[in-house]
1. Let me cross-check Cys71: its accessible surface, 1.4 Å probe, with only protein heavy atoms counted, in Å² to the nearest 10?
2. Roughly what would the spin-label model give for His13 and Met1, points 7 Å off Cα along C-beta, in nm?
3. What is the calculated FRET efficiency for Arg138 to Thr30, with r their C-beta to C-beta distance and R₀ = 30 Å, to the nearest 0.05?
4. In debye, nearest 20, what is the charge dipole magnitude of the chain about its Cα centre with +1 on Lys and Arg Cβ and -1 on Asp and Glu Cβ, if you could check?
5. I'd like to check one number: the per residue accessible area of region 1-155, probe 1.4 Å, reported in Å² as a whole number.
6. How far is it, in nm, from the label point at Val59 to the one at Gln176 when both lie 7 Å from their Cα along the line to the Cβ?
7. From the Cα trace of region 79-134, what convex hull volume per residue do you get, rounded to a whole Å³?
8. Quick check on packing: order 43-49, 181-187, 151-157, 116-122 by the mean number of other C-beta atoms within 10 Å, highest mean leading.
Amino acid sequence: MTECPTAGEPHVHPALAGRVSPVSFDPEATIPETGVDALLDAARLAPSAGNSQPWMFVVGRRGDAIHARICHHLTPGSLRWAADASLLVVNIAHVMVEGTEWEYSEFARYDLGQAVAHMTVQALAMGLGAHQFRAFDRDGMAAEFAVPAEWEVTSMTAFGAAEATSATSYAGTSRQRLSLDEVTWARASAD
């Protein structure tokens, strides 16, 4: 049996190992249009069931009209930190077939999650922080942007230059992670 090649001892990429969900963004930092395109392109290239690509995004850059409309639907707690992010992205999943009661894909939300994860990794590669969150008025957001009923406003992501204080916990959250044994349901021994 041939082992898959690795470059030295396998390890988690440093960008992923040091990833945090920032709660403080530099309110002066901007992401150029090419950077926004790179984030969206990373999402576009994510895998999906049957290549269905069941995702759409509302993108607001701090200071533009879309950003202001998004901020209007944030909870007060989210508004305190997310409004300073360079970019707010509303993540939308295609959940129903138009005009029916049929589920579009049982994997739609999973696939959207992969697309958002790709955006997050791309942000890390660009030196940006990314904070995925759900503390906003989903129905209000859907109405604000005329999202059709077969699509679901699922989550949001704030992107920007994280300030140094961002690595600290807030509101009872922790950076503590479960061990490999705690996240592994079953695994055969390599011996």
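1. Here the residue's solvent-accessible area equals roughly 20 Å².
2. Here the modelled spin labels are 2.7 nm apart.
3. Numbers: r = 28 Å, r/R0 = 0.92.
Computed FRET efficiency for Arg138 and Thr30: 0.60.
4. 480
5. It amounts to 56 Å² per residue over region 1-155.
6. 3.9
7. Details: hull volume 5.5 nm³, N = 56.
Cα-based convex hull of region 79-134, divided per residue, equals 98 Å³.
8. Working: 43-49: 15.1, 181-187: 6.7, 151-157: 22.0, 116-122: 20.4.
Ranking, from highest mean packing down: 151-157, 116-122, 43-49, 181-187.
The values are calculated or read from the model by the stated rules, or taken from the named source; none is laboratory data. Please read these numbers as outputs of a predicted model, since none were measured by experiment. Cβ coordinates were reconstructed from backbone atoms using ideal geometry, including for glycine residues, and neighbour counts include every protein chain displayed. Ligands, DNA and RNA are stripped out before the accessible areas are found, and what is left, the full protein with its side chains, is counted by its heavy atoms. Shrake-Rupley method; radii C 1.70, N 1.55, O 1.52, S 1.80 Å.
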